[in-house]
Amino acid sequence: MELTGKTSLVTGASHGIGKAIALKLASHGSSVAVNYRESANEAAEIVRIISEAGGEALTIKADVADGTAVKEMVRQVIDKWGKIDILVNNAGITRDALLLRMSEQAWDDVLAINLRGAYLCTKHVLPAMTKQRKGRIINMASVAGVTGNAGQANYAASKGGLIAFTRSVAREMGSRNITVNAIAPGFIKTRMTDKLSDEIKSSILSMISLGRFGEPEEIAELVAFLSSDRASYITGQVISIDGGISSS
């Protein structure tokens, strides 16, 4: 399998897109560190699935917005497997509200997890990747970070910042053979989309060329590709997976 011998750290991996990514990377042979903040049982279940399939995995509880916790998380992964080849900055939250009604706390919370978290995880993983002169970093952005979205000024700002972060770090680390790319999903079947009303779902589907929400596994497939040697000449890119969504 193409990722045999590789070690991956996936943040926010206890459910949704993160879970699909962790399982996909493991199915391609990578050992996987499953990061979570609150959902210990769900994270443990992912490790059980991977282990029963013959793979290696462990859970690590850490708030990605906490620099000390992130540093310790990276240390645990390296202590366990000796290296980190793949980092997927997937952890993210929403605190939606129109800007006039958005609290400072809602703004700060979203930026802390979605953007500061990616900064901290990347910063602490880079020394190991630089030493081995190879690595793959994949940041989970969003179409909201490209087009903006009413009621999500904080979320869109965090994802737009993540896109700029991706391009900047790709420039910094290219000479070390470390690629940095971002994926911008559209509407994917997760707990967040499950909470939408039927009316809102219908309105969104009318804007999607393929007429359906995406599956987490479809995002995971691209992550696996970008993590592999087949993507060795791709860096600093933002790849949308949105079913052909239109803003009109």
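Some values worked out for this structure:
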| read-out | value |
| --- | --- |
| Selection status of SER142, more than 16 Å from the chain's Cα centre (by Cα) and either at pLDDT below 95 or hydroxyl-bearing (Ser, Thr, Tyr) (or both) | no |
| Search result, residues across region 21-49 that are small (Gly, Ala, Ser), out of contact with any Phe, Trp or Tyr (no Cβ under 6 Å at 6 or more places or on another chain) and crowded, with 24+ Cβ neighbours inside 10 Å | ALA22, ALA26, SER30, ALA33 |
| Residue within region 83-98 that is in contact with a helix residue (DSSP H, G or I) (Cβ under 7 Å, 6 or more places away or on another chain), part of a helix (DSSP H, G or I) and aliphatic (A, V, I, L, M) present | no |
| Filtered residues of region 147-200 (kept if within 24 Å of LEU99 (Cβ to Cβ) and among the aliphatic types (A, V, I, L, M)) | ALA150, ALA153, ALA156, ALA157, LEU162, ILE163, ALA164, ALA184, MET192, LEU196, ILE200 |
| Filter result for THR4 (at pLDDT 95 or above and closer than 26 Å to ILE163 by Cα) | no |
| Listing of helices (runs of 4 or more DSSP H) fully contained in region 130-248 that carry 2 or more residues being out of contact with any helix residue (DSSP H, G or I) (no Cβ under 9 Å at 6 or more places or on another chain) and surrounded by fewer than 22 Cβ atoms within 10 Å (Cβ to Cβ) | 153-173, 198-205 |
| Pairs where the first residue, in region 169-180, is in contact (Cβ under 8 Å) with a residue 24 or more places away in the chain and the second is among the basic types (Lys, Arg) and loosely packed, with under 14 Cβ neighbours inside 10 Å, C-beta under 7 Å, 6+ apart | ARG176/ARG133; ASN177/ARG133 |
| Residue in region 68-91 that is farther than 15 Å from VAL125 by Cα and buried (at least 21 other Cβ atoms within 10 Å of the Cβ) present | yes |
| Selection within region 69-105 - more than 18 Å from ASN35 (Cα to Cα) and touching a residue at least 40 places away in the same chain (Cβ under 8 Å) | THR94, ARG95, ASP96, ALA97, LEU98, LEU99, MET102 |
| Unmet criterion (only one of (1) over 20 Å from the mean Cα position of the chain (by Cα); (2) of a type outside the set (Gly, Ala, Ser); (3) farther than 30 Å from SER27 by Cα; (4) modelled with pLDDT of 95 or more) for TYR155 | (1) |
| Positions within region 1-20 being outside any loop (DSSP other than H, G, I, E, B) and either within 12 Å of the chain's Cα centre (by Cα) or buried (at least 24 other Cβ atoms within 10 Å of the Cβ) (or both), in sequence order | SER8, LEU9, VAL10, GLY16, ILE17, GLY18, LYS19, ALA20 |
| Positions within region 108-127 being small (Gly, Ala, Ser) and surrounded by fewer than 19 Cβ atoms within 10 Å (Cβ to Cβ), in sequence order | ALA112 |
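The values are calculated or read from the model by the stated rules, or taken from the named source; none is laboratory data. Small disclaimer: the values here were computed from a predicted structure and weren't measured. Don't worry about glycine lacking a Cβ; one is built from the backbone with ideal geometry, like all the others, and counts go over all protein chains shown.
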